[in-house]
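Structure record follows, encoded as structure tokens.
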Amino acid sequence: MEKFTFVEGGVAAAEGFTASGVLNKIKESRTTYDTALIYSDCVCAAAGVFTQNRVKAECVKFTKGQIADGKAQAVIMNSGNANACTGTQGFENARKEACAVAEKLNISEGNVLVCSTGVIGQQLPVEKILDGLDRSVALLSKKGNIEARQAIMTTDTKYKETALKVQIGGKTVTLGTMAKGSGMIHINMGTMLSLVTTDCAISSKMLEKALKLSVAGSYNCVSIDGDTSTNDTLLILANAKAGNPEITGEGEDFDLFVEALNVLNVQMAKKIAADGEGATRLVTCNVTGADTVENARGLAKAVICSNLVKAAFFGADANWGRILDAMGYSGFEFTPEKTSVSFMSRKNSKRYFEDGTVNGGEQKTVKVFDHGVPLDFDEGLAKEILTEEAVEILVELEDGKACGTAWGCDLTYDYVKINGDYRT
């Protein structure tokens, strides 16, 4: 029997959660939903991780204060405007949103979280959001995830969500998530927003611990363009509706919850990387045999962050020297003389984009560097491998037993086109 069962519903899949999405024309040119509301019918344990950029959006500052007590019940999220670098007026606009949502839902103002994404440096037209709140509340439903997942998209070409069920403490627990992210992504907790909802009974303290453990090997291992956003936010709400014995400490139930959370977050990380602005392929770097997990992840992320590596993948060029170069300047420890590099992909690897797996399809691998020595390899085979939509860089070290993975994408002409006129 499979440990996890994937289900539909995204952030509304768990018991007690509903969602909605409406169009408030926050950005005049917008034609699809731009404001999402997610609501739990009871107060939740809550936790969050936020951007490490020194410049933080006003909604980030506000929500960090709101979630400090480990409780929340509703989240309002908008696209089209980041409410970043907007000063005291921007902070007041975030507060106005929380107050209005609390009034409409008859809940505590302190339990409303606010997220924004979009253009930096423009005041949020908050009145448009407030005027649309009656519709947002009226449309809350178990199927509202469909509109909500679209409402948070900016330059994303695909919505990003998933949900699963798992048995914890003899009860069926559901976790659901949605995320957005396509450009300004160099997550280090970019513009990345993500919300996880669950009906698991777990204390705020353990929820925060689980989130931080999971983020280290998922969201923090993604980079599209090396730019850490002002707005990166990952929130998790748990309302205890599943009825499992509350998780208040470490143990089997906590470990299983973290494992389930990892499955969700890794899948979202892959989806964000695959949908990088202008990207034509997902690039995964797997490092094995490192002396520490930190070094393994650091080396993997250095590789997928390199613009030279990214450009080589756009051209399907097996320029492995750029990989060694990126590892060498990364600041993370490894022994070059004991390092080997291969490229791998599977035929028709589009499935990697759709469900986060690489199952199915003929696997092809070519080794290009072995124990510090370059190899004569089949350039035709390498070209064939690197033209697939999902490509893996396999870096084998002999410094220890630790492993790490990072996800990125190629660097294309379209990335420049998209970001050349994003504001206008």
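The values are calculated or read from the model by the stated rules, or taken from the named source; none is laboratory data. Note that the structure is a prediction, hence the values are computed from the model and not measured. Backbone-built Cβ (ideal geometry, glycine too); neighbour counts: all protein chains shown.
List of remarks:
- Exactly one residue among Phe6, Phe50, Phe17 is within 19 Å of Ile120 (Cβ to Cβ) and not charged (D, E, K, R), and that residue is Phe50.
- Positions within segment 131-169 being more than 15 Å from the chain's Cα centre (by Cα) and basic (Lys, Arg), in sequence order: Arg135, Lys142, Lys143, Lys165
- Residues that are in contact with a Lys or Arg (Cβ under 6 Å, 6 or more places away or on another chain) and among the hydrophobic types (A, V, I, L, M, F, W, C), drawn from segment 271-311: Leu308, Val309
- Candidates Ala238, Ala216: the one that is buried (at least 23 other Cβ atoms within 10 Å of the Cβ), closer than 27 Å to Ala148 by Cα and either of a type in the set (A, V, I, L, M, F, W, C) or in the same structural domain as Glu15 (by TED's automatic domain parsing) (or both) is Ala238.
- Flag for Ala269 being within 25 Å of the chain's Cα centre (by Cα), part of a helix (DSSP H, G or I) and within 30 Å of Lys338 (Cβ to Cβ): yes
- Applying the set (1) in contact with a strand residue (DSSP E or B) (Cβ under 7 Å, 6 or more places away or on another chain); (2) modelled with pLDDT of 95 or more to Glu389 leaves exactly one unmet item: (2).
- Test: residue in segment 242-260 that is charged (D, E, K, R), more than 17 Å from Thr174 (Cα to Cα), at pLDDT below 95 and in contact with a helix residue (DSSP H, G or I) (Cβ under 9 Å, 6 or more places away or on another chain): no
- Yes/no for Ile107 being under 18 Å from Cys44 (Cβ atoms) and either assigned to a loop (DSSP other than H, G, I, E, B) or touching a Pro at 6+ places or on another chain (Cβ under 9 Å) (or both): yes
- Single residue of segment 43-59 satisfying the filter (of a type in the set (A, V, I, L, M, F, W, C) and touching a Ser or Thr at 6+ places or on another chain (Cβ under 6 Å)) that is farthest from Gly87 (Cα to Cα): Ala45
- One residue stands out in segment 191-231 among those that are over 18 Å from Lys56 (Cα atoms) and in a loop (DSSP other than H, G, I, E, B): the one that is modelled with the lowest pLDDT, namely Asp225.
- For Gln123, the criteria (1) surrounded by fewer than 22 Cβ atoms within 10 Å (Cβ to Cβ); (2) over 13 Å from Glu58 (Cα atoms) hold in every case but one, which is (2).
- Criterion (within 23 Å of the chain's Cα centre (by Cα) and β-branched (Val, Ile, Thr)) met by exactly one of Ile76, Ile107, Ile26: Ile76
- Of the criteria (1) assigned to a loop (DSSP other than H, G, I, E, B); (2) within 16 Å of the chain's Cα centre (by Cα); (3) of a type outside the set (Val, Ile, Thr), which one Ala260 fails: (1)
- Looking only at segment 61-104, and only at residues there that are at pLDDT below 95 and hydrophobic (A, V, I, L, M, F, W, C), the one that is nearest to Asp41 (Cα to Cα): Ala82
- Just one residue in the set Ala94, Ala68, Ala82 is touching a helix residue (DSSP H, G or I) at 6+ places or on another chain (Cβ under 7 Å), among the small types (Gly, Ala, Ser) and in the same structural domain as Glu15 (by TED's automatic domain parsing); that residue is Ala94.
- Filter pass, Gly331 being at pLDDT 90 or above and part of a loop (DSSP other than H, G, I, E, B): yes
- Test: residue in segment 153-164 that is buried (at least 24 other Cβ atoms within 10 Å of the Cβ), within 20 Å of Ala98 (Cα to Cα) and modelled with pLDDT of 95 or more: no
- Inter-residue pairs, beta-carbon under 7 Å, first in the same structural domain as Lys96 (by TED's automatic domain parsing) and in segment 117-137, second of a type in the set (S, T, N, Q) and surrounded by fewer than 17 Cβ atoms within 10 Å (Cβ to Cβ), 6+ apart: Gln123/Gln89
- Applying the criterion of being at pLDDT 95 or above, within 24 Å of Cys221 (Cα to Cα) and hydrophobic (A, V, I, L, M, F, W, C) to the residues of segment 29-58, the residue that is nearest to the chain's Cα centre (by Cα) is Ala47.
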